[in-house]
Amino acid sequence: GAVVSQHPSWVICKSGTSVKIECRSLDFQATTMFWYRQFPKQSLMLMATSNEGSKATYEQGVEKDKFLINHASLTLSTLTVTSAHPEDSSFYICSAKAGGPQETQYFGPGTRLLVL
Amino acid sequence: EDKVVQSPLSLVVHEGDTVTLNCSYEVTNFRSLLWYKQEKKAPTFLFMLTSSGIEKKSGRLSSILDKKELFSILNITATQTGDSAIYLCAVDPPGNTGKLIFGQGTTLQVKP
């Protein structure tokens, strides 16, 4: 199947700093990428949909100024958590979809963020 | 509001047991229903179901969709400790947005 990578896999930062997470589709072009967050023992919560070359669409309740998303190319999307606080500590997962109505989403391995 | 509900939320079995995980949904005219397995990292794809009554099989795992009764089941036979994971059900709603609606997940623990 298709491969999606995320970097970094683990990050610890101080409160108030910004953290950038990269999501790459390695062997296909992703017209759409999705960003999720997952709290312990809970399911995935969609944060935003990212389409290459256009602004991301955020889900209700997700602050777009807090979680900046950039989808600069067909193989790369980035999520920047700005001025991170301890409550932003979570598991962030991206997924990528090639296009076409029957295409499956492939998930990256996730990034675990801990804000001290 | 579109909703996906999984049951049970957690399950503990012993190796060799057979388990059935349930996923019911309230999403009209959805495009597909997907099952994922999540261990310590991100979910890995198991099955995509689009047609009612057609079983999909992969080794000891199988899944089927009932569009009339609005549910799907995931069966695992002869469970092994490596099957311990969270199993997620997701529905791809109409509109070609690609936004999946996830259930809460079923946490399966298989004891030796």
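Each reported figure results from applying straightforward, stated rules to the coordinates on display, with no laboratory input. The structure presented is a predicted model; accordingly, all values stated were derived computationally and were not measured. No Cβ is skipped: glycine too gets one built from the backbone with ideal geometry, and neighbour counts run over all protein chains shown.
What the table below lists for this structure:
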| quantity | calculated |
| --- | --- |
| Distance in nm between pseudo-label sites at B:Glu26 and A:Thr57 (7 Å out along the Cβ direction from Cα) | 2.3 nm |
| Euclidean distance between Cα centres, the stretch B:7-79 to the stretch A:50-72, Å | 31 Å |
| Net charge of neighbours whose Cβ lies under 13 Å from the Cβ of B:Gln109, counting Lys and Arg as +1 and Asp and Glu as -1 | -2 |
| Contact order relative to length of chain A, as percent, for alpha carbon pairs under 8 angstrom and 6 or more apart | 36 percent |
| Over the protein assembly as shown, volume per residue of the alpha carbon convex hull, in Å³ | 122 Å³ |
| Point-to-point label distance, A:Lys20-B:Ser52, nm (Cα→Cβ direction, 7 Å offset) | 5.0 nm |
| Nitroxide proxy distance, nm - points 7 Å out along Cα→Cβ at B:Thr77 and B:Phe45 | 2.6 nm |
| Förster-model FRET efficiency, 41 Å R0, B:Gln104 and A:Asn70, C-beta, rounded to 0.05 | 0.85 |
| Three principal axis lengths of the stretch B:3-112 [C-alpha, angstrom, descending] | 44, 28, 21 |
| Sequence of A:Asp65, B:Asp92 once ranked by neighbouring C-beta atoms within 10 Å, starting from the fewest | A:Asp65, B:Asp92 |
| Hydrodynamic radius of the stretch A:19-71 per Kirkwood, over alpha carbon pairs, in Å | 12.2 Å |
| For the stretch A:35-116: span of alpha carbons on each principal axis (Å, largest first) | 40, 27, 22 |
